[in-house]
Amino acid sequence: MYAEPMILPLDVNGKIYALQDEKGNTIGTGTREVCEVLLYIITKPASPATSGRVRASIPQRPNVRAAIAI
């Protein structure tokens, strides 16, 4: 659907935004700043520490889809 992930407004006032992936799936919602941080996280290249060379014990969390409850 898109060539790259996009940040789209969800309300008329521009206070709540959604981050959508290339297929149009919503990755997360929140303020513009929250969506920009999520966009940075998903588009930055993986470092050696996170690409599998060093295995850290990271606790599993449920899939959190919204930073702000709507």
(message) What FRET efficiency comes out for Asn13 versus Glu36 if R0 is 22 angstrom and r is the Cβ-Cβ distance? Round to the nearest 0.05.
(response) 0.80
(request) Hey, can you grab everything whose amide H is under 5 Å from the amide H of Thr31? Only 5+ residues off in sequence or another chain; H modelled, so Pro and N-termini drop out. (result) Tyr17
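Values in this text are rule-based calculations from the coordinates and carry no lab data. Everything quoted here is computed from the prediction, not taken from an experiment. Here Cβ is always computed from backbone atoms with ideal geometry, including for glycine, and neighbour counts include all displayed protein chains.
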